[in-house]
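The values are calculated or read from the model by the stated rules, or taken from the named source; none is laboratory data. Quantities reported herein were computed from a predicted structural model and do not represent experimental measurements. In this analysis, Cβ positions are derived from the backbone assuming ideal geometry, glycine residues included, and neighbour counts consider all displayed protein chains. Protein only, heavy atoms only, side chains kept; ligands, DNA and RNA dropped before computing areas. Shrake-Rupley method; radii C 1.70, N 1.55, O 1.52, S 1.80 Å.
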Amino acid sequence: MKKKRVCVLGEGGARVVCFLRRNGFDAFFGVPSEKQRAELLLCLPSVDAETGRRAAAAFPNACVLTAGTAFEGVVCAKGLRTSAALVPLLTACAELHGKLRAAEEENARLNRALGELKLIDRAKCALVRHCGMSEGEAHRYLEKTAMDSRLPRRAVAESILEKYRD
């Protein structure tokens, strides 16, 4: 399994990085660069809310945890008494973050598919209105044209809508 990348910000971060590395994380200290994309940002208590916000804004795809001042869009981990409590918390956050990313990608894919279906339905309506076809005939025409011309249905639907633009 791939190690989760954790960026640690704040005073005492070097010790936390060593601890996290010993516990199976790919951790580093300081503000991440483009090459050091982090999946998790851990803001220690010494990090003020503004610095945490800037770091979170620089890497919007990272899950942000703070042990200090809470700010919008972060998981606040107050009351961690031992560093050992940090490992299960980061592991759980990494798992949840991965599931959230997968759900967002699936949502985007479904929205694209829905947009394509809406476009195809509009093209079928244009064929019904302007060519006097039934809905079934319009569907068959669109499918057959796409197959015969080796074009995606979306491209055929766009050309139909362009042709019969009101």
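Listed here are the residues, each with its yes/no results for (1) modelled with pLDDT of 95 or more; (2) of a type in the set (D, E, K, R); (3) crowded, with 16+ Cβ neighbours inside 10 Å.
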{"residue": "93", "(1), (2), (3)": "no, no, yes"}
{"residue": "103", "(1), (2), (3)": "no, no, no"}
{"residue": "107", "(1), (2), (3)": "yes, no, no"}
{"residue": "110", "(1), (2), (3)": "yes, no, no"}
{"residue": "114", "(1), (2), (3)": "yes, no, no"}
{"residue": "121", "(1), (2), (3)": "yes, yes, no"}
{"residue": "131", "(1), (2), (3)": "no, no, no"}
{"residue": "150", "(1), (2), (3)": "yes, yes, no"}
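Output the residues belonging to region 61-91 that are at pLDDT 70 or above, of a type outside the set (A, V, I, L, M) and open to solvent by 50 Å² or more (accessible area, probe 1.4 Å).
61, 88, 91
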